[in-house]
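Working notes, beginning with the structure itself.
The values are calculated or read from the model by the stated rules, or taken from the named source; none is laboratory data. Keep in mind it's a predicted model, so treat the numbers as computed, not measured. Positions of Cβ are generated from backbone atoms using ideal geometry, with glycine treated the same way; all protein chains shown enter the neighbour counts. Side chains are part of the model used for accessible areas, which takes the heavy atoms of the whole protein and leaves out ligands, DNA and RNA. Shrake-Rupley method; radii C 1.70, N 1.55, O 1.52, S 1.80 Å.
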Amino acid sequence: MTEFKLPELGENIDQGDLVRLMISPGASITEGQPVMELETDKAVVEVPSSVAGTVKEIRVKEGEKVKVGQVIFTVENGAGGKTKAAEAKAPAGKISDTPAQSVAQPKTESRSVERRAVAPQAAAIPATPGATEFRLPELGENIDQGDLVRLMISSGTKVSEGQPVMELETDKAVVEVPSSVSGVVKDVRVKEGQKVKVGQVIFTLEGGAAPQPERAKHAPVEHADGQHEARVAFQAAIRAEGKTEEQALPPDQPRPTAPMFAMPEQLGKVAGTEHREPVAAAPHVRRLARELGVDIHDVKGSGAGGRINEDDVKAHSKALLTSATAAAHAPGTYLEEPALPDFAKWGKIERVPIRGVRRKTAEHLRIAWNTVPHVTQQDKADITELEQLRARFAPKAEEAGGKMTVTAIALKVCASALKVFPQFNASIDMAKEEIIYKQYINIGVAVDTDRGLLVPVICEVDKKNIVELAAELTQLSKKARDKKLTPTEMEGGTFTITNLGGIGGTGFSPIVNHPEVAILGLSRSSMEPVWLSGKFEARRVLPLSLSYDHRLIDGADAARFLRWIAEAFEQPFLLSVQG
Amino acid sequence: MSDNPKPSIAVLGGGPGGYAAAFLAADLGMKVTLIDPEVNPGGVCLYRGCIPSKALLHVAKVIDESHQAKNWGIEYSDPKIDLPRLRSWKEGVVKKLTGGLGQLSKARSVQYIQGQAAFENSTTLRVAKTGGAEESLSFDRIIIATGSRPAIIPSLKLNSARVMDSTGALDLSEVPRSLLVVGGGYIGLELGTVYAALGSKVSVVEMLAGLLPGADRDLVLPLHKRVEKIFDSILLNTTVSAMKEEASGIRVTFEGQEIKEREKVFDKVLVSVGRKPNSEIPGLDKTQVQVGPRGFIQVNKQLQTHDPAIYAIGDVVGEPMLAHKASHEGRTAVEAIAGHKVAFEPNAIPAVVFTDPEIAWCGLTETQAQKENRQIKVARFPWAASGRAVTLDRPEGMTKLIFDPETERVLGVGIVGVGCGELIAEGVLAVEMAATATDVALSIHPHPTLSETLMESAEVFFGTSTHVYRPKPR
Ligand SMILES: Cc1cc2nc3c(=O)[nH]c(=O)nc-3n(C[C@H](O)[C@H](O)[C@H](O)COP(=O)(O)OP(=O)(O)OC[C@H]3O[C@@H](n4cnc5c(N)ncnc54)[C@H](O)[C@@H]3O)c2cc1C
């Protein structure tokens, strides 16, 4: 039985996180076959086996930290004889000698890349042991030269036999030329764009060629038209020199000075916005996702190459909805409603489906009620003087197409109050344990329609005057009743006002319009005796009910906030100045 | 959110960004005002950019082919160039197209104001009309599309008619004996090509190691080889450190390790070292719009600035500074204003360099993949194997497709070769539709056309291209 221990991974790397195991007990493995993927501080590397045989026991688990020298698995079986030698050879040199096995791959990308054994393409080139330079080999009949289109190496690059090092355009074709030597490139003797002749020296090696380590027969080498090898070589070079990628730019990169004029970056992002991978979906599909409010990057495509079609987006959107409902129904968040009795037992009944606005309202309010610990604070405002102001502004409002209502005035008052008490213009992000303060004041107004309760939102209330607010409110309410409100017109609110005064009542407990944290309810104003400068006077008094989210707002703050509002109603002069 | 479903909109600047936005807004029923200093819409692109340069490049191509025709047994005598007529033809092209835009604008009842606009606040503009009158106008939303202008290097600023920017070069006041193009970007190379064809001895100086910095080197190489023949010299890794006007021309001092002559006198110098966004709009500080460090107005994916009432599009918001990007942004901004849930999020923006040969690409480039350390597979098809390219006597081109190795999806396309600017559109469609190598390989392309090179590149990916024998290693 032989053990496979984690070999040296490179300088200063003595451990890594095991990202993926590629073997399981009973698997038969060969030398050089990748067996696991390890994430180190520097990169994700694939670790090749240095032993062959049948895997018996695996001593590590995905997600674990693994140390250099630690036993990863054991193997049984015939190949054991050879494994000893291989194991001895495994540390240090092994990985950098066959760099394809230690490819640093960006984590987000696919790791399963097609693997093929290398076969030199243009011509079979025998290894030249101990060579100190690489000359252009024969390319084929009647071809004695070519134009060097692309160099894939530079001074300092580690090359190994079979690794493509350049691309040559001949009269007949473009060919990739693989190296017939291994070692570290010292001098590159040719430049891109040059003509190169068969037999001409392309590059020399540092201190002669490294003795060619015995290549594992099945050493996996990725082939991606030379591109990948170039990158592998590039990475090996970086590692060899301890350089960063920037410092070790390959020869066809512009010098690292800031260019005065560079061709545009091509991934079509708006400068300054986050950069995301282009997604495998046609433009109309991406647009559909936006319309449905689905992040297209979360959608799994069912088509070739993971292509996302319309149905995928719709299915995803549906799944989101059901999972949201399921989450709401999940124990802990929502108590299952007890089964209903058979009402028909006692008389005739009619069952009507809950649809549209009613259903939305029901869902939304249940969530709000279950999420927000509600407290309602009551107060009263003397609006006797305000009534005079209202009368004064009424014609102006009418001119502007609006009605000067108490709600319109309340909008203005609340906007001012929210500026002074920003915690009432906030939301709670429990997941992140953060409070989100909004630097805009958009107030929703509950409108009673024959379809049910709708809450159109008036934006930037603080920037509008009372007359403008009255006009906008009138229009929005009309739209709500005429079923013309668009969903966007009901989004983005930071606070809500609900006025039941038109109907009656002396107070009520409105439910906070989650994720907002407070809501102001207005009831019917009435004439009341008020003790003023030593006697009772008949004054018009407006009952105020403020419900708030007790997680964020303390009772004392709520009392202060509502008092502030009451006083603002009582001093209409201030309002008229702010107008 | 506006209470008015059909907001009134002002568009500042009549370039391809501005007029596309204005026209769509009008089509969607908004009340639109378009403001630009020129008589008609068009902007840089039509008056002093894309269109006049392409007209002149067409002429250059004809001249060039007349020389090349010798190879085919047809010999023309050297062309006589009637500069005033060439100029008026080019101006005619511009007039025709901008006049057409003027009519389209009228037909859509867009209010076109010839003048310059400044901000009074987020929704009010002070418009100084070209006629002399001034007027304050208010709108629900304003779209900034003020474009860009040629950048200048302050230390090289010289008040001389011999030193031109791209606008001066397009004026074509004369054909100088010698011309130095400062900057090896696309504008410099395109205009250099024009002047070389008209008979100037053109030199190009570029600070970086290669022409067209940022583009994939294998695309640039065939172009480099060709311009080496038509240009007098190409100085790479070289900067211009000083320019002085003398009686006989501009004396230019070069700096760099590879230079042979430290100083040289040129009849004229074209400075094309990039473009600067026109974000210094008077009164912009009275709004909440924020301008980034490189002078670009900052926007989100809906092209909305930090000021909710103001949107910005085109060259003034960032790279790539290209007309078609400006137009697409313009349309996106208007749709966002109309309340649609949209975002500017293309997977591929095509770039075309209209030199000879042309270079075109879209989506992911190899250079960028390398920078991001991203796995790709590249399939190249040399045009020497394209029947069409050989019949055109231009086999130096190359088409390459860049694939995701796992899904075999086309992530990017790069082409060099005559007329490839027309081919890249298929690449854009492939990238945007998330086509796979198989999709491209199985779509029948007409023979003999250059478009076949796209299909055959996809075949190369599978090692089965009909006209290139490059088997995959087994
Ligand atoms: C020589 C040359 C060749 C080019 N070739 C190509 C090409 O082949 N393909 C391509 O895609 N792109 C090309 N471009 C780039 C292209 O011209 C720009 O990307 C495009 O014009 C940008 O459009 P835009 O709408 O952002 O602004 P612009 O076209 O720059 O238009 C902005 C307009 O706003 C006006 N303006 C500015 N400030 C104010 C103000 N305060 N009030 C009123 N109006 C104002 C300006 O006068 C101008 O008319 C070329 C550019 C040049 C210079």
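Observations on the structure shown:
- Among the numbered conditions (1) within 13 Å of chain A (Cβ to nearest Cβ); (2) more than 16 Å from B:I51 (Cα to Cα); (3) within 14 Å of the ligand (Cβ to nearest atom), the only one that B:L156 does not meet is (3).
- Any hit, the stretch B:279-294, residues being within 12 Å of another protein chain (Cβ to nearest Cβ) and in contact with a Phe, Trp or Tyr (Cβ under 8 Å, 6 or more places away or on another chain): no
- Options B:G283, B:G256: the member that is over 15 Å from B:S148 (Cα atoms) and within 16 Å of the ligand (Cβ to nearest atom): B:G283
- If you check B:H328, B:H306 for being surrounded by fewer than 24 Cβ atoms within 10 Å (Cβ to Cβ) and modelled with pLDDT of 95 or more, only one passes: B:H328.
- Comparison of B:V316, B:V353, B:V334, B:V378 shows that the only residue that is open to solvent by less than 10 Å² (accessible area, probe 1.4 Å) and facing chain A (nearest Cβ under 7 Å) is B:V378.
- Residue check, B:D27 more than 30 Å from B:L392 (Cα to Cα) and touching a Phe, Trp or Tyr at 6+ places or on another chain (Cβ under 9 Å): no
- Elements of type strands (runs of 3 or more DSSP E) in the stretch B:85-197, at least 1 residues being under 28 Å from B:Q288 (Cα atoms) and more than 26 Å from the chain's Cα centre (by Cα): B:111-121, B:124-129, B:134-138, B:141-144
- Residue in the stretch A:184-220 that is most open to solvent (accessible area, probe 1.4 Å), counting only those that are of a type in the set (G, A, S) and at pLDDT below 85: A:G207
- Boolean, A:T474 is surrounded by 18 or more Cβ atoms within 10 Å (Cβ to Cβ) and of a type in the set (S, T, Y): yes
- Here B:G14 clears all of (1) closer than 17 Å to B:H328 by Cα; (2) within 11 Å of the ligand (Cβ to nearest atom); (3) open to solvent by 20 Å² or more (accessible area, probe 1.4 Å) except the condition numbered (3).
- The number of residues in the stretch B:381-413 being in contact (Cβ under 8 Å) with a residue 60 or more places away in the chain, in a loop (DSSP other than H, G, I, E, B) and open to solvent by less than 30 Å² (accessible area, probe 1.4 Å) comes to 2.
- Taking (1) open to solvent by 10 Å² or more (accessible area, probe 1.4 Å); (2) assigned to a helix (DSSP H, G or I) in turn, B:I424 satisfies each apart from (1).
- Residue ID - nearest to the other protein chains (Cβ to nearest Cβ), chosen from residues in the stretch A:290-314 that are in a helix (DSSP H, G or I) and open to solvent by less than 60 Å² (accessible area, probe 1.4 Å): A:G305
- The set of residues from the stretch B:358-368 being within 15 Å of the ligand (Cβ to nearest atom) and more than 13 Å from B:V413 (Cβ to Cβ) comprises just one member, B:E358.
- So B:G274, is it within 11 Å of the ligand (Cβ to nearest atom) and surrounded by 21 or more Cβ atoms within 10 Å (Cβ to Cβ): no
- Selection count, the stretch B:31-59, where residues are in a strand (DSSP E or B), more than 8 Å from the ligand (Cβ to nearest atom) and not aliphatic (A, V, I, L, M): 2
- Looking across the stretch B:184-239 at every residue that is away from chain A (no Cβ under 11 Å), among the β-branched types (V, I, T) and open to solvent by less than 20 Å² (accessible area, probe 1.4 Å), the one that is nearest to the ligand (Cβ to nearest atom) is identified as B:V194.
- Scanning the stretch A:478-494 turns up at least one residue that is farther than 18 Å from A:G452 by Cβ and crowded, with 18+ Cβ neighbours inside 10 Å.
- Number of residues in the stretch B:337-350 that are of a type outside the set (G, A, S), facing chain A (nearest Cβ under 7 Å) and open to solvent by 30 Å² or more (accessible area, probe 1.4 Å): the value is 2.
- The stretch B:19-30, residues that are within 13 Å of the ligand (Cβ to nearest atom) and either closer than 30 Å to B:V194 by Cα or not aliphatic (A, V, I, L, M) (or both): B:Y19, B:A20, B:F23
- Selection of first residues in the stretch B:319-339 that are over 13 Å from B:P350 (Cα atoms) and of second residues that are charged (D, E, K, R) and not in a helix (DSSP H, G or I), restricted to Cβ pairs under 6 Å at least 6 apart or on distinct chains, gives the following pairs, ordered by first then second residue: B:I337/B:R141.
- Residue check for B:G417: more than 10 Å from chain A (Cβ to nearest Cβ), open to solvent by less than 10 Å² (accessible area, probe 1.4 Å) and within 25 Å of B:E372 (Cα to Cα): no
- Among the residues examined, B:S66 qualifies as away from the ligand (no atom under 12 Å from the Cβ), more than 23 Å from B:I313 (Cβ to Cβ), surrounded by 15 or more Cβ atoms within 10 Å (Cβ to Cβ) and away from chain A (no Cβ under 14 Å).
- Residue that is farthest from B:L208 (Cα to Cα), among those in the stretch B:256-271 that are surrounded by 14 or more Cβ atoms within 10 Å (Cβ to Cβ) and within 14 Å of chain A (Cβ to nearest Cβ): B:L270
- Among the residues making up the stretch A:456-499, those that are in a loop (DSSP other than H, G, I, E, B), closer than 23 Å to A:G401 by Cα and more than 12 Å from chain B (Cβ to nearest Cβ) are A:N465, A:D482, A:K483.
- Residue pairs meeting the criteria (Cβ under 6 Å; at least 6 apart or on separate chains; first in the same structural domain as B:Y19 (by TED's automatic domain parsing), in the stretch B:102-131; second open to solvent by 80 Å² or more (accessible area, probe 1.4 Å) and among the acidic types (D, E)): B:A128/B:E134
- Flag for B:S8 being open to solvent by less than 80 Å² (accessible area, probe 1.4 Å) and either within 16 Å of the ligand (Cβ to nearest atom) or among the polar types (S, T, N, Q) (or both): yes
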